[in-house]
Each structure stands twice: as structure tokens, then as C-alpha cells.
1. So, R0 is 22 Å and r is the distance between the beta-carbons of Gln46 and Trp94; what FRET efficiency does that work out to, to 0.05?
2. Between Arg109 and Asp125, how many nm apart are label points set 7 Å from Cα along the C-beta direction?
3. Working with all protein chains in place, sort Tyr160, Tyr120 by solvent-accessible area computed with a 1.4 Å probe, largest first.
4. Counting only heavy atoms of the protein chains, get the accessible area per residue of the chain (1.4 Å probe) and round it to a whole Å² value.
5. 7 Å from Cα along Cα→Cβ at both Leu153 and Thr60: what's the point-to-point distance in nm?
6. For a quick check of understanding: with a 1.4 angstrom probe and all protein chains in place, what accessible area in square angstrom does His99 have, to the nearest ten?
7. Tally Lys and Arg at +1 and Asp and Glu at -1 over the other residues with C-beta under 14 Å from the C-beta of Ile53: what net charge comes out?
8. If you plug each phi of the range 126-136 into the Karplus form 6.51 cos²θ - 1.76 cosθ + 1.60 with θ = phi - 60°, what whole-Hz ³J(HN,Hα) values come out, in order, with x for Gly and Pro?
Amino acid sequence: MTALSTAGRVLVGAQSDTQLITRGLPVDGTSQTWRRLYRLVTGGLQPGDLLDIDADARVTNDCGRDGGTRYTIGVGWHLWAYSYTDPLRDAGPWWQISHLMGDNVDAIRHHMPLHISCLYQVPDDWPPGHRMVIVLQADAHSTKWAINGGSDLLTVDDGYGQLIVRHWATPAT
């Protein structure tokens, strides 16, 4: 286990983005159909810098509410990163920077908050001054995903989330 610390570093900036990208997560039978919820482009980074990241979102399970079958939906979420060389990149290389989180939202629970945080160290081979894009992604899945015709969406609630990145760096000498 690697222990990271901000000791000896200074907070050089903090950024936040509340612009929701995806308002609906398609419910399917696999946990591999990730959708971007929030993305944030960092400032210039140096190898070894630390990014203190927090992300929140909220989903609502209204699937089957209008005469269909109500059912439990699994939700997974985690943080990813990629180089800013192509800011809207769909293809790789992307890399996962946090652990995977997951929970289930049923009709009774209805609303479910998603939260994740991590302390990520910029890789040693990172080009000095280069920017990195941080992304919160989520997926919705269930063994009953096809019960209402296979087109259910788990709502991602606008106004209930954000992505925050605090940039810690070693002071210039």
C-alpha cells in the first residue's frame, strides 16, 4: 500500500465543475457501459504533484414508474484520467485513478447519492506543465434490465453534483 501525503507541498489551486454531461444512464445487463457524468481539465501539472479529488452525483430510479415493472438497479462509479492532448477523447488511453464504488437503488430508496474521493499522484513520466482531464464515470445495470423492453434509463439528477480537484505541488526553490 502506497501512502501519499501533502506534507511539504502547497495548495496551488482548486477547480470545480458542476456541468453535468449525462442525464441518463442506460440500464443493461453488464457493468461495463460507463457514461461520463462530470469532467474537469486540470491546470499545468508536474510529475509527483498530488491531486485531491472529490466527486458527487445523484441518481433517481423511476424505471417502471409509468405502468412498467419496478426493480433494483446496480450503480457503479469511479474516477478516470486522460491526457488533454484530445480534450473530448472517447478512445484511450484512459486510466482508472480511483477504486470502484457501487451500490443498489430500488424503487423505495428512489434517490441515491454517489460520492467518491481519492488522492492521486501525477506519474513520474508525466510531461512537465501538461494538463490532465479528470472524469467521473458511472454505469447502471440489473439482471432485470430487459423487463420493460430494455430501454430504461436511470436519471442522473442535474444540480446535485460536482467534481472538485485540489492541486498540491512541491514549492519551487
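1. That gives a FRET efficiency of 0.55.
2. 3.9
3. Solvent-accessible surface, decreasing: Tyr160, Tyr120.
4. I get 50 Å² per residue for the chain.
5. 1.3
6. 100
7. Local charge sum for Ile53: -3.
8. So the J values, rounded to whole Hz, are 5, x, x, x, 6, 9, 10, 9, 9, 9, 9.
The values are calculated or read from the model by the stated rules, or taken from the named source; none is laboratory data. Keep in mind the model is a prediction, meaning the values are calculated, not measured. In this analysis, Cβ positions are derived from the backbone assuming ideal geometry, glycine residues included, and neighbour counts consider all displayed protein chains. For the accessible areas, the whole protein counts, side chains as well, though only heavy atoms, and no ligand, DNA or RNA atoms are used. Shrake-Rupley method; radii C 1.70, N 1.55, O 1.52, S 1.80 Å.
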